[in-house]
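Here's the structure, in structure tokens; my notes come after.
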Amino acid sequence: MAESFFSSLKKERIRKRIYKTQDRVAVAESFYSSLKKERIRKRIYKTRDRARADIFDYIEVFYNRNRRHSHLGGVSPEAFEKASP
């Protein structure tokens, strides 16, 4: 009986790991989709350095601060922090 309990527990842990991994993959796919739609497809970069700088700017200035995020109720992180006590 103990063996069946532990084997079912092991299976459940594996399922949880798979779901967590799938969630992380979904977040990454969503981010890259946004990056492509909102920034990369609209521009032509003359050098890799310009591309890197522009993508860095998108992530640090726009995406992390100003872009509205669904998990924050559709507000930007800056607005969310200002609204928090």
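Only the coordinates and a few stated rules stand behind these numbers; no lab work does. Computed from a predicted structure; not experimentally measured. Cβ coordinates were reconstructed from backbone atoms using ideal geometry, including for glycine residues, and neighbour counts include every protein chain displayed.
Odds and ends about this structure:
- The number of residues in region 45-85 being part of a loop (DSSP other than H, G, I, E, B) and surrounded by 12 or more Cβ atoms within 10 Å (Cβ to Cβ) comes to 4.
- Residues (surrounded by 11 or more Cβ atoms within 10 Å (Cβ to Cβ) and either assigned to a helix (DSSP H, G or I) or touching a strand residue (DSSP E or B) at 6+ places or on another chain (Cβ under 8 Å) (or both)) located in region 33-44: 34, 35, 36, 38, 40
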